[in-house]
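Right, one structure below, let's go through it.
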Amino acid sequence: MLLLRGGIVADQVLDCTGLNCPLPVVKTAQAMKSLDPGQVLELLATDPGVEPDMKAWTNRTGNELVKLERVGDVFHVLLRKVG
């Protein structure tokens with residue numbers, strides 16, 4: 001577990017830096033399958049398309065987009081598995 005800013009704990013980190021669409025979405029979907037409901041995945045990505053992609057993916061899947069922020073060139077996306 002990794003304690004992140006704001007006291008949110010990531011149960012798993014998925015590094016997709018350097019990968020372009022659709023790979024961050026595909027790898028996120030695969031990684032989320034290994035989590036239990038309520039657990040949090042932190043996705044690291046450099047593709048600017050990850051922001052709209054993750055918003056659409058969470059709307060479609062019902063998983064929660066907890067936080068999305070950009071630090072330098074890297075997007076940090078926190079996703080909570082629902083159900």
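The values are calculated or read from the model by the stated rules, or taken from the named source; none is laboratory data. Note that the structure is predicted; figures quoted are calculated from it, not measured. All Cβ positions, even for glycine, are placed from backbone atoms using ideal geometry, and neighbour counts span all protein chains on display.
Does any residue of segment 43-64 turn out to be crowded, with 16+ Cβ neighbours inside 10 Å, on the phi < 0 side of the Ramachandran plot and without any contact (Cβ under 8 Å) to a residue 24 or more places away in the chain? Checking segment 43-64: at least one residue is crowded, with 16+ Cβ neighbours inside 10 Å, on the phi < 0 side of the Ramachandran plot and without any contact (Cβ under 8 Å) to a residue 24 or more places away in the chain. Scanning segment 29-68 for residues that are touching a helix residue (DSSP H, G or I) at 6+ places or on another chain (Cβ under 9 Å) and charged (D, E, K, R) yields D47, D53, E64, K67. When L78, L14, L35 are screened for being of a type in the set (A, V, I, L, M, F, W, C), surrounded by fewer than 17 Cβ atoms within 10 Å (Cβ to Cβ) and either touching a His at 6+ places or on another chain (Cβ under 6 Å) or touching a residue at least 24 places away in the same chain (Cβ under 8 Å) (or both), only L35 passes. Scoring T46 on the criteria (1) within 17 Å of E69 (Cα to Cα); (2) at pLDDT below 95 leaves a single failure, condition (2).
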